[in-house]
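Reviewing the structure listed below.
The values are calculated or read from the model by the stated rules, or taken from the named source; none is laboratory data. Just so it is clear, the structure is predicted and the values come from calculations on it, not from any experiment. Quick reminder, even Gly has a Cβ in these numbers, built from the backbone with ideal geometry, and neighbours come from all protein chains shown. Accessible surface is based on the protein model in full, side chains and every heavy atom, while ligands, DNA and RNA are left aside. Shrake-Rupley method; radii C 1.70, N 1.55, O 1.52, S 1.80 Å.
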Amino acid sequence: MFVDRLLATLVYLRHATTHDVLACWFGVDRSTITRAIGEMRPLLAERGCTVSQGVRLRTLAEVIDHLGADGKTGIIDGTGIRVRRPAAGRKGRYEFISGKNKQNAVKTMVVTDRDGRVLFCSPTKPGSCADITHARQLGLVRLLADGPAVEILADAGYQGLGAQAGGRVITPPHRKFKKDAPDWYEEMYERQRKAHLSRRIRVEHGIAHLKNWRALTRHLGRREHVSDTSKPSPACCPTSRQRT
């Protein structure tokens, strides 16, 4: 039954339960569970994120239009999902190494509103891809420059994106003094930095909520399942249910 296949997939994504255990629970063969999960994950990824009754956001363009129509502020940030290390001597062995976390991972860009509600999870890129590069490849600059007036908050990893997007991406203030800064400047800089952080922190809450799903904490399957950039990643969109 469709409901059983859906339930098995959600349990797998939420708790990282093995296929063997799920097969025992549902009284079927292990291959049946494997096939069901393989069929259901793309369907879940394609449903997008629910923002209101009957309204789902499936693409980054739809998210920007939604934020612009309501005059809302969006927040973006990148997050990593650990993956298995490629075998020694294999092509692209170092492609998945994240310089920030020093581990093999894939990255996704998460967009939330100012309340931390998740609006979009991008297709994944290997961990070596910088956050700002990923945003550019997703077409965020073009969407902001040609779309409605939207304020997007981001961390220092996106510095430089604002100038390309007509000032619509707001990042922390750039530090002008590398050393021997005057006391008045240090005080002003810290005040501006904390003010920005207090507004941007909601995206961290949204990411933390997503990572209640074990599939988003560490992906134990093959890396090619989470590195296909032609469509939303099933690993990054385990379900369309969001917080209310």
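Please state, to two decimals, what the Cα-based radius of gyration of region 1-56 comes to when divided by 2.2 N^0.38 Å (N = residues). My calculation over the Cα atoms of region 1-56 gives 1.25. Most tightly packed first, judged by the mean number of other beta-carbon atoms within 10 Å of their residues, the peptides 196-207, 74-85 read 74-85, 196-207. Annotation: aspartates and glutamates with alpha-carbon distance below 19 angstrom to Lys91 (same-chain offsets under eight excluded): Glu224, Asp228. As a fraction of the 1.4 Å probe accessible area of the chain, surface on carbon and sulfur atoms comes out at 51 percent.
Per-residue packing, averaged as other Cβ atoms within 10 Å, sorts the ranges 167-179, 183-195 into the order 167-179, 183-195, beginning with the highest. Treating each Cα of region 29-158 as an identical point scatterer and summing with the Debye formula, the log10 of I(q)/I(0) at q = 0.10, 0.14 Å⁻¹ comes to -0.41, -0.74. Convex hull volume per residue, computed on the Cα atoms of the chain, equals 147 Å³. For the chain, what is the calculated [θ] at 222 nm in deg cm²/dmol (nearest 500), taking -39500 (n - 2.57) for each run of four or more DSSP H residues and dividing by its residue count? About -11500 deg cm²/dmol.
For the chain, the solvent-accessible area with a 1.4 angstrom probe is 55 square angstrom per residue. Here Lys211 is the anchor, and the lysines within straight C-alpha reach of less than 27 Å, apart from those fewer than 8 places off in the same chain, are Lys72, Lys100, Lys102, Lys107, Lys125, Lys194, Lys231. Helices assigned as whole DSSP H runs in the chain whose Cα atoms extend at least 15 Å along their own long axis and whose mean Kyte-Doolittle hydropathy is -1.0 or higher are found at 2-15, 30-46, 60-70.
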